[in-house]
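Everything below concerns the one structure shown next.
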Amino acid sequence: MDYFLLIVSILLIIFGLLGCILPVIPGPPLSFFGLLVIHFTKFADFTTTFLVVMAIIAIIVTILDYGVPIWGTKKFGGSKAGTWGATLGLIIGLLFLGPFGMILGPLFGAIIGELINGAKFNDALRAGLGSFLGFLLGIGLKLAASFYMTFQFVKVFF
């Protein structure tokens, strides 16, 4: 049974890393579940505190991943219309464009929101780029969390 759980945990860790780049797959939670599964084998014995901290990090990073593009829109001069546009773009993009909607939705939503609000095209584009940079920051946060969990996973065997 330990070897079956080892294979499951390895798959979870791999999909966790892939999920940091592919918008549909929740990367850090999968990486955390990889740690959790390996914990219940003879191969690893993580402390409860460590597992709770990793769970909290996975949850926070996953939540931030949705909010950071909206924050990026604001940070790059976007108005409430741009922020609403980025939010609606995220939702509409996910519904109609699947994984790419998480990238393109907030970008175009922020630009359209700013243009509707009467902003000049360059200002609207800057707000959209802020949304896109926020998306990249979200990927960076997810990668950092999942790489750390992967490191802890690999460290168990050495």
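Odds and ends about this structure:
- Using C-alpha pairs below 8 Å separated by at least 6 residues, the relative contact order for the range 2-155 is 26 percent.
- Cα gyration tensor shape of the range 1-55, rounded if a/c is under 1.5, else prolate or oblate by comparing a/b with b/c: oblate
- Dipole size of the range 2-155 about its Cα centre, with +1 on Lys/Arg Cβ and -1 on Asp/Glu Cβ: approximately 300 debye, rounded to the nearest 20.
- Excluding same-chain neighbours fewer than eight residues apart, the lysines reachable from Lys42 by a Cα-Cα span under 17 Å are Lys155.
- By average C-beta atoms within 10 angstrom, highest first, the peptides 143-153, 104-114, 46-56: 104-114, 143-153, 46-56
- Within the chain, helix-based [θ] at 222 nm, where runs of 4 or more DSSP H residues each add -39,500 (n - 2.57), nearest 500: -28000 deg cm²/dmol
- Once the convex hull of all Cα atoms in the range 9-158 is built, its volume per residue stands at 92 Å³.
We did not get these values from a lab; they are worked out from the coordinates using the rules stated. Given the structure is predicted, the values throughout are model-derived calculations rather than measurements. Cβ: placed from backbone, ideal geometry, glycine included. Neighbour counts: every protein chain shown.
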